[in-house]
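One structure is given here, and the rest of the page talks about it.
The values are calculated or read from the model by the stated rules, or taken from the named source; none is laboratory data. Quantities reported herein were computed from a predicted structural model and do not represent experimental measurements. Cβ sites come from the backbone with ideal geometry, for glycine too, and all protein chains shown count toward neighbours.
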């Protein structure tokens, strides 16, 4: 086993344990913290793939900014320990089972395909040694993926304006 | 570095890590002493001067006292997070320094060793990522303490971090555009040997915005809302004692040191100073460049202390207004102006002048708008309307 495989297993295990912990902890603060652990492990997986920029973006955006907002809201609303029965009820149980089965089937399908497909397995070491730099990402974003990039920017701008409009209206009604 | 044997690479890295981590910890002790002495000097009193020459051993006495104090864990705290929080603040402060280049390179036993622990090609993003994690220590410590003053401190801190992190990230984009690299080493090398070539002149408004945001990120005095003694006892670390309190304390000073080192690298020419760093052989030039970097960082740390004992604390709404209405527009303008002028003229001089003029115009416009919007307010005579809803209202 080479060091990369050991690291992959380590990061994969941490990210799985973190993900399970998110849904098993009763307290929202602990769940949020477990989610941060998962994001970190995923950033580690990105580094193993040579995608350093994506790894840094993952930590900055998700672990650094969004999760701080999560914690802020949890603390602001002073959420206590949630009881699963009270919050979810048994109505959603059926839906959860259906979605769970679908998701598990999807995962098994991908795993079986990956095991059968020898081309993927043999190409793996070559792909791992390639490091994607920010230069490459920028080049691709502004040439091949220029349309999706611009559309995403427009959607974000629309969301931004929407938030400002919503907040403004509320303020005027108050005064 | 590529043709270096693995053993040499590992050995040199371990030695570098040991030296830098120890310098950081000793630096923290010196900073605590310096802060007390400088504040004494500024307030026309002596400060600690009894333990050792000039009171230099005072931090060691303090450290011993911290270690022998009872490590009290109150009954009402959330124990796992209460214990974890100081470490979550200290560790990010320690590992940020890994990508900071603290000198040119030094040649020992025939191997050229760069004076940097890790030169990764996304260096500056790594710093932004790790510094953004420091807030968890404050927030979790505050929440786990189960104390309303601590919680208020934590809430303030998280809101402040989110607001000022944006400026921190946006202010450096101008530099990245001119250097076209994210590696801190390349950024430091690209700035020439002379002070008028350094980034702080080319990106002067961005430099001011970045430094201000840095002060906010380290929770230093004009921005220390999270531990405002007059309002919140001691803020997020009210319930902490002994070494756990000392860890919060150490993390603050470590953040200051690392922050200064980052500012020196990004804006103040790194280890360059009038070509002095090239004097001497391959060993001496490395040591001299390290010395220059060390001195620059020390001078900037003095500025940190100076500001702390000069400026009074912001009010919470002033803090938010300042961050969102002044710093953020200045940082955004610097991106637009730097990009446009660099593409059209390609002259660093014009970019520098344009940046200052544009920042001046933007600040004037914002200030004008604020003054214009303020005029109808006295007619309302409603004290509550002056404050935007803050964390304070929600907790009450």
(request) Hey, can you tell me all the residues within segment B:106-138 that are in contact with a strand residue (DSSP E or B) (Cβ under 6 Å, 6 or more places away or on another chain) and over 16 Å from residue B:183 (Cα atoms)? (result) B:106, B:112, B:113
(request) Go through segment B:145-155 and count every residue that is assigned to a helix (DSSP H, G or I), more than 7 Å from chain A (Cβ to nearest Cβ) and buried (at least 24 other Cβ atoms within 10 Å of the Cβ). (result) 3
(request) State whether one or more residues within segment B:173-195 are touching a residue at least 24 places away in the same chain (Cβ under 8 Å), in contact with a strand residue (DSSP E or B) (Cβ under 9 Å, 6 or more places away or on another chain) and at negative phi. (result) yes
(message) Given the condition farther than 21 Å from residue B:307 by Cα, modelled with pLDDT under 85 and within 25 Å of the chain's Cα centre (by Cα), answer yes or no: does some residue in segment B:41-56 qualify?
(response) yes
(message) Given the criterion at pLDDT below 85, exposed (fewer than 15 other Cβ atoms within 10 Å of the Cβ) and within 14 Å of chain B (Cβ to nearest Cβ), identify the matching residue among A:86, A:94, A:80, A:64.
(response) A:80
(message) Suppose we filter segment B:288-306 for residues that are under 19 Å from residue B:106 (Cβ atoms) and surrounded by 15 or more Cβ atoms within 10 Å (Cβ to Cβ); how many remain?
(response) 9
(request) Residue by residue through segment B:242-280, note down the ones that are touching a residue at least 60 places away in the same chain (Cβ under 8 Å), over 18 Å from the mean Cα position of the chain (by Cα) and not in a helix (DSSP H, G or I). (result) B:271, B:272, B:273, B:274, B:275
(request) Can you tell me which residue among B:66, B:102 is touching a residue at least 40 places away in the same chain (Cβ under 8 Å) and part of a loop (DSSP other than H, G, I, E, B)? (result) B:102
(request) Determine which member of the set B:125, B:115, B:151, B:155 is more than 16 Å from the chain's Cα centre (by Cα) and under 26 Å from residue B:24 (Cα atoms). (result) B:115
(request) Could you tell me which numbered condition residue B:158 fails, if it satisfies all but one of (1) free of Cβ contacts under 8 Å to residues at least 24 places away in the same chain; (2) more than 7 Å from chain A (Cβ to nearest Cβ)? (result) (2)
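Yes/no per residue for (1) surrounded by 18 or more Cβ atoms within 10 Å (Cβ to Cβ); (2) within 14 Å of chain A (Cβ to nearest Cβ):
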position	(1), (2)
B:54	no, no
B:65	no, no
B:76	no, no
B:89	yes, yes
B:100	yes, no
B:112	no, no
B:117	yes, no
B:125	yes, yes
B:132	yes, yes
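Okay, residues lined up against (1) at pLDDT below 85; (2) in contact with a helix residue (DSSP H, G or I) (Cβ under 7 Å, 6 or more places away or on another chain); (3) exposed (fewer than 10 other Cβ atoms within 10 Å of the Cβ); (4) in a helix (DSSP H, G or I):
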{"position": "A:122", "(1), (2), (3), (4)": "yes, no, yes, yes"}
{"position": "A:127", "(1), (2), (3), (4)": "yes, no, no, yes"}
{"position": "A:130", "(1), (2), (3), (4)": "yes, no, no, no"}
{"position": "A:135", "(1), (2), (3), (4)": "yes, no, no, yes"}
{"position": "A:147", "(1), (2), (3), (4)": "no, no, yes, yes"}
{"position": "A:152", "(1), (2), (3), (4)": "no, no, no, yes"}
{"position": "A:155", "(1), (2), (3), (4)": "no, no, no, yes"}
{"position": "A:172", "(1), (2), (3), (4)": "yes, no, yes, yes"}
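Results for (1) in a loop (DSSP other than H, G, I, E, B); (2) surrounded by fewer than 24 Cβ atoms within 10 Å (Cβ to Cβ); (3) in contact with a helix residue (DSSP H, G or I) (Cβ under 8 Å, 6 or more places away or on another chain), shown as yes or no for each residue.
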site: B:120; (1), (2), (3): yes, yes, yes
site: B:157; (1), (2), (3): no, no, yes
site: B:166; (1), (2), (3): no, yes, yes
site: B:178; (1), (2), (3): no, yes, yes
(request) Please tell me if residue B:12 is surrounded by fewer than 17 Cβ atoms within 10 Å (Cβ to Cβ) and not in a loop (DSSP other than H, G, I, E, B). (result) no
(request) Go through (1) in contact with a helix residue (DSSP H, G or I) (Cβ under 6 Å, 6 or more places away or on another chain); (2) under 29 Å from residue A:52 (Cβ atoms); (3) away from every other protein chain (no Cβ under 14 Å) one by one and return the number of the condition residue B:205 breaks. (result) (2)
(request) Scan (1) free of Cβ contacts under 8 Å to residues at least 12 places away in the same chain; (2) touching a helix residue (DSSP H, G or I) at 6+ places or on another chain (Cβ under 8 Å) for the single condition residue B:308 breaks and write down its number. (result) (1)
(request) Determine whether segment A:29-51 contains at least one residue that is closer than 24 Å to residue B:142 by Cα, modelled with pLDDT under 85 and either within 11 Å of chain B (Cβ to nearest Cβ) or surrounded by 18 or more Cβ atoms within 10 Å (Cβ to Cβ) (or both). (result) yes
